[in-house]
Ligand code: SF4
């Protein structure tokens, strides 16, 4: 587990950047790759997947991992230079959704990419079988490995509404199989039908799981999704930037101080984004979160365990 001291620099939360510097002494840069994986919720029976899911791929679909990696590194090097730790990031689809032989081959290829300092595997909790968990544990014993799991919300009524086709209990079952592996849990704020109390109780539930890391995303309404039809049909509203900043700050206060905060805004796909428009300015949102924490004089974890979780409905 990620358990080193909390050293967030000038941030009032433990950032991924500070964690990578504690661990490797340098910046960690994630190179998003498409391992060619599908998703059981999208592909298996034409069910359509989560209502916010875009068919867009991270990485470059149909290209070899090494070719994608070369392209990504060349692009990222212009921003971060070459003195960084490269982390191949299997981000597209559910990167454990295949047979064990295929998973072993793809993970090994990713770990052997030039300069790779580890591997990040993003997936759904219901795609973690006992066999997959064993493979990930074997890799974890000799390499730097992070598994990212989407929880999205702790509320089953919302999971049903967004067509996640996974209950919170299903999520917990998959999460527990990864015991001993650094696991980063994703949640989404602004989901239809959720108010601030719902989002805070999701944070309380997250805190009770003590994950190694967390990613908090604002819901993005993307073109050609079921969510877009609902939004354009006036079925729900999205929080404004101020409300999102205030909710995220309250969530950070509820999370354990040692949990690494790997993301606080999504990377918008500007050509596909319908709303909210304010998410296009990622740095302003991050600065506003920092400013709000300074204004309140608060830190990540200073309200951890204060509010009891109320989840499951
Ligand atoms: S689990 Fe991920 S890839 Fe699958 S349908 Fe939902 S958002 Fe799309």
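Given contacts defined as C-alpha pairs under 8 Å and at least six residues apart, what's the relative contact order of the chain, whole-number percent?
Numbers: 566 pairs, mean separation 61.3, N = 313.
It rounds to 20 percent for the chain.
What's the FRET efficiency of residue 290 with residue 160 using the Cβ-Cβ distance as r and R₀ = 51 Å, to the nearest 0.05?
Working: r = 36 Å, r/R0 = 0.70.
Here the calculated transfer efficiency is 0.90.
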Most exposed first by the Cβ proxy, i.e. fewest other Cβ within 10 Å, how do 278, 86, 80 rank?
80, 278, 86
Relative counts (whole %) of C-alpha pair distances in the stretch 49-126, using bins that are 10 Å wide:
16, 49, 28, 7
Taking only the alpha carbons of the stretch 181-310, what extent do you get along each of the three principal axes, in Å, biggest first?
39, 29, 29
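Find the percent of Cα-Cα distances in the stretch 105-208 that exceed 18 Å, and round it to a whole number.
Numbers: 2730 of 5356 pairs.
Within the stretch 105-208, distances greater than 18 Å cover 51 percent of Cα pairs.
Neighbour counts of other C-beta atoms within 10 Å: give me 283, 97 arranged from fewest to most.
On the way: 283 8, 97 22.
By the 10 Å Cβ count, ascending: 283, 97.
Where does the stretch 132-188 land on Rg(C-alpha)/(2.2 N^0.38 Å)? Provide the component values of the computation, followed by the final result.
On the way: Rg = 12.8 Å, N = 57, 2.2 N^0.38 = 10.2 Å.
It is 1.26.
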Taking the square root of 5λ for each eigenvalue of the C-alpha gyration tensor of the stretch 165-235, the equivalent ellipsoid has semi-axes, largest first and in whole angstrom, of 27, 14, 11
Nitroxide proxy distance, nm - points 7 Å out along Cα→Cβ at residue 282 and residue 167:
3.6
How long is the gain from residue 257 to residue 243 if the chain were fully straight, where each residue apart is worth 0.36 nm and the alpha carbon distance is subtracted?
2.8 nm
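What is the Cα convex hull volume of the stretch 16-296 when expressed per residue in Å³?
Values: hull volume 37.0 nm³, N = 281.
With only Cα atoms used, the stretch 16-296 gives 132 Å³ per residue.
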Give the share of C-alpha pairs in each 10 angstrom bin for the stretch 106-161, from 0 to the last occupied bin, in whole percents, shortest bins first.
20, 44, 23, 12, 1
Per residue of the chain, what 222 nm ellipticity follows from adding -39500 (n - 2.57) for every DSSP H run with n ≥ 4, rounded to the nearest 500?
-11500 deg cm²/dmol
By Cβ neighbour count within 10 Å, fewest first, 10, 204 rank 10, 204
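Full-extension gain between residue 83 and residue 143, please, as 0.36 nm times their residue separation minus the C-alpha to C-alpha distance. Don't jump to the answer; show the numbers that get you there.
Numbers: separation 60, 0.36 × 60 = 21.60 nm, distance 1.96 nm.
Additional length available on full extension: 19.6 nm.
No lab work stands behind these numbers, since they all come straight from the coordinates. Computed from a predicted model, the values in this text were never measured in an experiment. We place every Cβ from the backbone using ideal geometry, glycine too, and count neighbours over all the protein chains shown.
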